[in-house]
Ligand code: FRU
């Protein structure tokens with residue numbers, strides 16, 4: 001297919017060419033953010049999986065690196081994580097980077113014994129440049145569970161051991177190890193809790209503080225069964241005592257309600273910051289999206305927190321502060337009241353499809369923010385006050401006939417009970433990410449407009465007043 005440079009984002013990572021899915025092995029090491037990813041370097045659709053690799057000083061300027069891990073006699077290289085083995089528990093070397101990933105064997109799969117996915121190790125002694133697979137692989141063989149994958153490993157300081165969070169079909173299984181090589185089963189979670197419209201994949205487990213108290217968040221990606229169809233990221237808030245995860249309640253919650261954030265997990269080794277990034281697509285149509293010569297981007301990195309609303313504790317996601325370093329000159333309008341459609345393109349100095357829009361109001365009413373182009377295409381981001389829902393409508397935002405599953409309008413509940421709000425939108429050629437109510441409701445959506453969406457209109461059936469509207473072009477300079 002002809003190249004589509006118009007869909008190439010400026011500040012989201014994309015591989016130069018070929019297929020990408022999940023982010024893998026995210027770890028901060030000696031001043032560099034590492035991002036590995038599910039990668040098929042021979043094609044534009046999913047195939048024998050490798051770990052691609054990219055590095056960044058700030059998570060917003062990425063440099064693609066040579067492939068880190070390629071398939072071998074044990075199988076394809078599926079998703080997993082990476083740790084810094086500061087105390088050399090595994091014996092590969094002090095401060096070795098160790099990747100813990102799933103080997104997926106198509107040959108074993110043909111035998112039909114449900115034992116074709118198992119966990120393996122690789123290590124790097126040169127800061128992630130080159131990797132050696134451990135000769136004793138696999139380190140966690142499969143007991144006969146058809147989906148047995150995506151290990152997320154981190155050091156559990158109270159228990160002084162490694163804890164692996166593993167997706168095991170319809171539940172999470174926790175394992176522990178003193179040395180990354182020998183694993184003991186600790187417990188299972190979730191068979192009857194949360195959303196189960198599909199298989200559980202790509203989990204994560206980490207602590208976060210709220211009002212001086214530590215909670216544990218368990219992320220469980222789900223495919224299909226997401227709130228707007230297909231793949232999505234659910235989470236549980238609870239406690240983890242080093243052995244067992246106990247949720248605060250049984251309510252299903254979503255880290256991102258939009259159709260296009262999946263397999264999101266967090267970086268290891270980032271101190272008190274908890275930094276999240278996902279794959280910006282959906283298994284329902286990822287293999288058909290009209291980009292070339294690459295397929296898929298990551299989301300922007302997001303800093304996670306917790307917030308209490310009523311008696312519920314929710315995860316919040318906010319764009320990382322590093323994104324501010326991309327900001328060009330902002331244009332800001334104050335105290336704007338709209339009812340009839342109002343074209344703000346000139347007043348907001350809108351000229352690019354790579355920008356950030358922020359809107360704040362003391363009273364959130366119905367509104368539609370319409371991002372348009374010369375071809376008459378429109379992407380609409382808005383709020384439906386009666387339904388108490390944010391929405392993103394891409395049904396008229398360009399190409400959508402590549403898959404019947406590329407749905408038009410996605411909705412998300414407003415969880416905040418405040419009268420006013422602040423909304424932040426990140427636009428980058430072919431994607432929009434909405435952060436509402438300081439990251440309490442998040443939606444990510446991709447779209448394929450035939451011309452850049454640079455015009456901005458605002459309308460509001462009820463009438464709405466905005467204390468501030470701001471448009472900031474975003475420019476990514478290459479990684480130094
Ligand atoms: C999630 C996933 C993982 C698996 C990988 C294979 O998108 O299905 O469960 O490890 O992708 O590419």
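The values are calculated or read from the model by the stated rules, or taken from the named source; none is laboratory data. Since the structure is predicted, the reported quantities are computational estimates derived from the model, not experimental observations. Cβ sites come from the backbone with ideal geometry, for glycine too, and all protein chains shown count toward neighbours.
For this structure, a couple of remarks:
- Restricting attention to the range 24-67 and to residues that are under 22 Å from residue 153 (Cα atoms) and outside any strand (DSSP E or B), the residue that is nearest to the ligand (Cβ to nearest atom) turns out to be 49.
- Among the residues of the range 98-112, at least one is modelled with pLDDT of 95 or more and over 23 Å from residue 136 (Cβ atoms).
Quick grid of which residues meet (1) outside any loop (DSSP other than H, G, I, E, B); (2) buried (at least 21 other Cβ atoms within 10 Å of the Cβ); (3) on the phi > 0 side of the Ramachandran plot:
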| residue | (1), (2), (3) |
| --- | --- |
| 119 | yes, yes, no |
| 128 | no, yes, yes |
| 135 | no, no, no |
| 146 | no, no, no |
| 159 | no, no, no |
| 164 | yes, yes, no |
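- Selection from the range 188-202 of residues that are on the phi > 0 side of the Ramachandran plot and away from the ligand (no atom under 16 Å from the Cβ): 194
- Sole residue being under 27 Å from residue 255 (Cα atoms) and surrounded by 23 or more Cβ atoms within 10 Å (Cβ to Cβ), chosen from 449, 476: 449
- In the range 178-204, residue surrounded by the fewest Cβ atoms within 10 Å (Cβ to Cβ) [restricted to those that are without any contact (Cβ under 8 Å) to a residue 24 or more places away in the chain and touching a strand residue (DSSP E or B) at 6+ places or on another chain (Cβ under 8 Å)]: 184
- Residue check, residue 321 within 30 Å of residue 21 (Cβ to Cβ), crowded, with 21+ Cβ neighbours inside 10 Å and under 20 Å from the mean Cα position of the chain (by Cα): no
- Test for residue 271: is it more than 30 Å from residue 408 (Cβ to Cβ), more than 16 Å from the ligand (Cβ to nearest atom) and outside any loop (DSSP other than H, G, I, E, B): no
- Filtered by the rule that a residue be more than 14 Å from the ligand (Cβ to nearest atom) and not in a loop (DSSP other than H, G, I, E, B), the range 97-117 gives 97, 98, 107, 108, 110.
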